[in-house]
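Presented below is the structure to which this report refers.
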Amino acid sequence: MSKKINKNIKEVEAGTLATFKKHRPSEYFSHLVDDGQAFKEHNEKVGNLFRYGLNIPLDYFDGKEVIDLGSGTGENLISLATWGAKCTLVEMNEDALEVAKQVFKKYSPNFKDHKFIHSSLYDLDHEKFKNKFDISHSRGVFTHVADKARAFNHLASYVKPGGYVIYGDRNTAGGIQEMLQRLAIYKLGGDNDEKIIEISEALFSDDITRSQQSVPRTREAIIFDRWVIQQQDDPSVKDVLDMFCNEGLDYISSWPRLDFAGRGVSTYTDPKNDNSLKRGARLVENLWMMLNQGENENIDSYLGLNQEKYLDEIDNICKSLRNLQIGDDIDILDLSNSFDRLGSMSFIDKDKQTYLNERQNIFIKEVISFLNLIKLNRNPKEIRKEIDNYNILFKGYAGVRHLDYVAYKPN
Ligand SMILES: C[S@@+](CC[C@H](N)C(=O)[O-])C[C@H]1O[C@@H](n2cnc3c(N)ncnc32)[C@H](O)[C@@H]1O
């Protein structure tokens, strides 16, 4: 039976602060010599996330009061300021808040619009902030605290009725590969920062390099953010939707999408049907667990190995029945054969010949092999040799780790 350590709010806070004092995880551009170009690129990515991923027009932020819990160095929040938001940053790491001030001085249109509060999110004057903000924002923070429900209660209480909560964190299933990595790193003697850095590089250097290609953080900042940090309690979609529900919030959108293919059945289907969303999201979370190549892979998983033929067959069927009118001459045998062929390559194939099944089989086989190596106390070189032979585990994206959600507080 597994045993987990349980720490209280202040113990976790002290541990998190100690780790992030050594390496600030939110330095996406401020640490670079040419931070202007890097800022531009990062700002564009954040704009795309909000506009196209979360479906909030950027104009919406103009003049809006925003509170951000655990703002770090402010390098995500600054984008909201460039769209006209007036920001209140709350951060317990004083050093990070100092960098945030510099970032806002340099890149926000009007520095005086913004406030910087050095405090734990648990120690704010909660009454003072209740129902005061148009937008409550916190991303990548609650996974590192001991009492997520309480932190979320604060976040939700600060937004006015009619306002939005923007919340982002890791996902349990999507982050499973990172937890497996932790297991190996700690088992191989990762009991201090130096050792963790050494083993992380020995086993997972390509994963670190891939992450750097997406966001130019230092290798150590990535290692500290993933494996040195101790509190990393990633919620499932259900956990997040339950928190929304407990605070009387309605789920609006997310990026990556947690909506499964086929959600809703008519114009008047209740888009707030959380039960179907929670169940359907489990399918998506299953894919998030083993993603390594990207979005097309998820689509392929559902469609099966014969996907092109399968889609062609659906097209054939649709073509023959489309706009059917009295007097049309349909070749019934041909149509019936089309359905027959479709059935024979259905993606819920009894012979488990779908891409998803095949992928899952490979993934599970690799996880079992990896766990076995750890159990047998193999050395990092031997484990790395095995990892190099894997096809899915720790390859490419190594899962879908983080997602952001938008929720609405009804009037
Ligand atoms: C991974 S960083 C994310 C920073 C930022 N939100 C972003 O999106 O880049 C997490 C931040 O949360 C801060 N944090 C963690 N627990 C906190 C708490 N209890 N109160 C205030 N800040 C906290 C950490 O100091 C760190 O700067």
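The values are calculated or read from the model by the stated rules, or taken from the named source; none is laboratory data. The structure displayed is predicted, hence computed values, not measured ones. Virtual Cβ from ideal backbone geometry, glycine too; neighbours counted across all protein chains shown.
Give the residue, chosen from 328, 351, 340, 334, that is at pLDDT below 75 and more than 23 Å from residue 399 (Cα to Cα). Walk me through it before giving the result.
On the way: 328 fails: at pLDDT below 75; 340 fails: at pLDDT below 75; 334 fails: at pLDDT below 75.
Matching residue, one of 328, 351, 340, 334: 351.
Answer with yes or no whether residue 48 is assigned to a loop (DSSP other than H, G, I, E, B), away from the ligand (no atom under 13 Å from the Cβ) and not hydroxyl-bearing (Ser, Thr, Tyr).
Working: assigned to a loop (DSSP other than H, G, I, E, B): no; away from the ligand (no atom under 13 Å from the Cβ): yes; not hydroxyl-bearing (Ser, Thr, Tyr): yes.
The answer is no for residue 48.
Based on what the data block shows, is residue 191 modelled with pLDDT under 95, under 30 Å from residue 9 (Cα atoms) and assigned to a loop (DSSP other than H, G, I, E, B)?
Yes: the conditions hold for residue 191.
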Worksheet entry | residue 294 more than 18 Å from residue 361 (Cα to Cα) and in contact (Cβ under 8 Å) with a residue 40 or more places away in the chain | yes
Item to complete: Would you kindly identify the helices (runs of 4 or more DSSP H) lying entirely within segment 55-140 that contain at least 1 residues that are near the ligand (Cβ under 8 Å from one of its atoms)?
Response: 77-82, 94-107
Worksheet item: On the given criteria, is residue 44 surrounded by 15 or more Cβ atoms within 10 Å (Cβ to Cβ) and not aromatic (Phe, Trp, Tyr)?
Response: no
Worksheet item: Out of curiosity, is residue 346 part of a loop (DSSP other than H, G, I, E, B), modelled with pLDDT under 90, farther than 30 Å from residue 170 by Cβ and over 24 Å from the mean Cα position of the chain (by Cα)?
Response: yes
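May I ask you to list the residues in segment 385-410 that are charged (D, E, K, R) and exposed (fewer than 15 other Cβ atoms within 10 Å of the Cβ)? Please lay out each step first, then the result.
Filtering segment 385-410 for residues charged (D, E, K, R) gives 385-386, 388, 395, 401, 404, 409.
Passing the criteria: 385, 388.
A quick yes/no check of all residues on (1) in contact with a helix residue (DSSP H, G or I) (Cβ under 6 Å, 6 or more places away or on another chain); (2) buried (at least 16 other Cβ atoms within 10 Å of the Cβ); (3) not in a helix (DSSP H, G or I):
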| position | (1), (2), (3) |
| --- | --- |
| 153 | no, no, no |
| 168 | no, yes, yes |
| 182 | yes, yes, no |
| 200 | yes, yes, no |
Practice prompt. Working only within segment 93-128, note down all residues that are within 24 Å of residue 156 (Cβ to Cβ), of a type in the set (D, E, K, R) and either out of contact with any strand residue (DSSP E or B) (no Cβ under 8 Å at 6 or more places or on another chain) or without any contact (Cβ under 8 Å) to a residue 24 or more places away in the chain (or both).
Written response: 123, 125, 127, 128
Worksheet item: Would you pick out the residues in segment 1-37 that are of a type in the set (Val, Ile, Thr) and outside any loop (DSSP other than H, G, I, E, B)?
Response: 9, 12, 16, 19
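Which of the residues belonging to segment 330-342 are in a helix (DSSP H, G or I) and either among the hydroxyl-bearing types (Ser, Thr, Tyr) or surrounded by 10 or more Cβ atoms within 10 Å (Cβ to Cβ) (or both)? Don't jump to the end; show me each part of the working.
Quick first cut of segment 330-342, residues in a helix (DSSP H, G or I) only: 332-342.
Once the filter is applied, which keeps residues that are in a helix (DSSP H, G or I) and either among the hydroxyl-bearing types (Ser, Thr, Tyr) or surrounded by 10 or more Cβ atoms within 10 Å (Cβ to Cβ) (or both), segment 330-342 yields 334, 335, 336, 337, 338, 339, 340, 341, 342.
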